[in-house]
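Just so you know, all these numbers are worked out from the coordinates, no wet-lab data involved. The model shown is predicted, which means the values in this text are computed figures rather than measured ones. Cβ: placed from backbone, ideal geometry, glycine included. Neighbour counts: every protein chain shown.
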Amino acid sequence: MRTRIVLLGMVFVFCPASAYAINYFYDGGGNYIVDWDSNDESVFVDYLRPDDRTHLDIVSGAKFEYGEYVSGWGNSTIDISGGSLWEFTAYDNCQVTVTGGDTSSLYLEDNSSLNMSGGWHRVVAHQNNTVSVTGGYLYQSNYAGGASTMDITGGYIIDDIAADGEAVITIYGTDFNYDYGEVPVGNPIKWSQFSGNITGYIGGTNYVSFNYYVFDNASIVLAPIPEPTTLFLLGLGAVILRKRRILRPCSGQVS
C-alpha cells in the first residue's frame, strides 16, 4: 500500500466547517482501503492527478459523519462494501460499485457510473451519469437529472424518486398500477406536488409503493423484466459506453 499523502492547512478550501480537518489524497494508482472511524478527516481519490486510475475499497469499519467527505475523481474506481458515509461524490469518469454499506447522499457528477447491488443509499445523479440498481435499498429522495439514465431491475425504492432535465429512469418489474411505458405526469408539477404513486413488484419479487416526480423533458418508464440475454446486452453496452467515456480528457475541476 502506498503512503498516504496528507495535506494540512487547506481546510478553508476543502472543509470550511472544521478548523482542524485532515485531508487524505490517494493518487499514483494502486489500491487503498478505508476502514476507520473518521475524526474530521476527508478522503480524495485521484484529485491531484486525475489520470492515475487509483482504486479505493470502503469496507466495514469506515464511518464518516457530517462534514467528513469521500470523493472519487478522474478515472478512479471505488468499491463500497460496508461502512457508513455521510456523503460520497463521484466526479469526472469515476466508476462506483456498491454491494453494501450506507450513505446519506451518494452523488454522481459529470460522466460517472454506479452499479449498486446492496446497502442503503440515497442516489443523486446529475449531468450525464449511468446508474444500474440490481439490489439494495434506495431510501429518502433519489434523483436523476441532466442526461443521466437510471435502470432499476432489483432492490427496493423507499420514500420517493424524481426525474429531471432529460433524464430517463426505467423500473423493471410486474403488477404495476400503471401500464408499461411512461408513467403519467400532471401539469404543472411542482416540487411540493408529487406526480403520482407507483406500486408493484420490482424484479417481480420486491413489493414497493413510492411517490414519483417528473420535470421538464425527463421520464420515468415502467418495463417488463428483461430476459437474461437482454440483461447481458444492457451490461455489455454499459461497459462499452464506459470505455468510450474514459478516453475523454479529465479536468479534475469541481463542477
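Numerical summary
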{"quantity": "Proximal charge balance of F210 [Cβ under 9 Å; K/R count +1, D/E count -1]", "calculated": "-2"}
{"quantity": "Burial ranking of peptide ranges 58-67, 143-152 (average Cβ count within 10 Å, highest at the top)", "calculated": "143-152, 58-67"}
{"quantity": "Cα centroid separation, region 35-66 to region 188-212 (Å)", "calculated": "34"}
{"quantity": "Radius 15 Å from Cβ of Q140, net charge of other residues (Lys, Arg +1; Asp, Glu -1)", "calculated": "-3"}
{"quantity": "Region 34-172, Rg to Rh (Cα coordinates; Rh as Kirkwood inverse mean 1/r)", "calculated": "0.95"}
{"quantity": "Sequence ranges 153-166, 199-212, 124-137, ranked by mean other-Cβ count within 10 angstrom, highest first", "calculated": "124-137, 153-166, 199-212"}
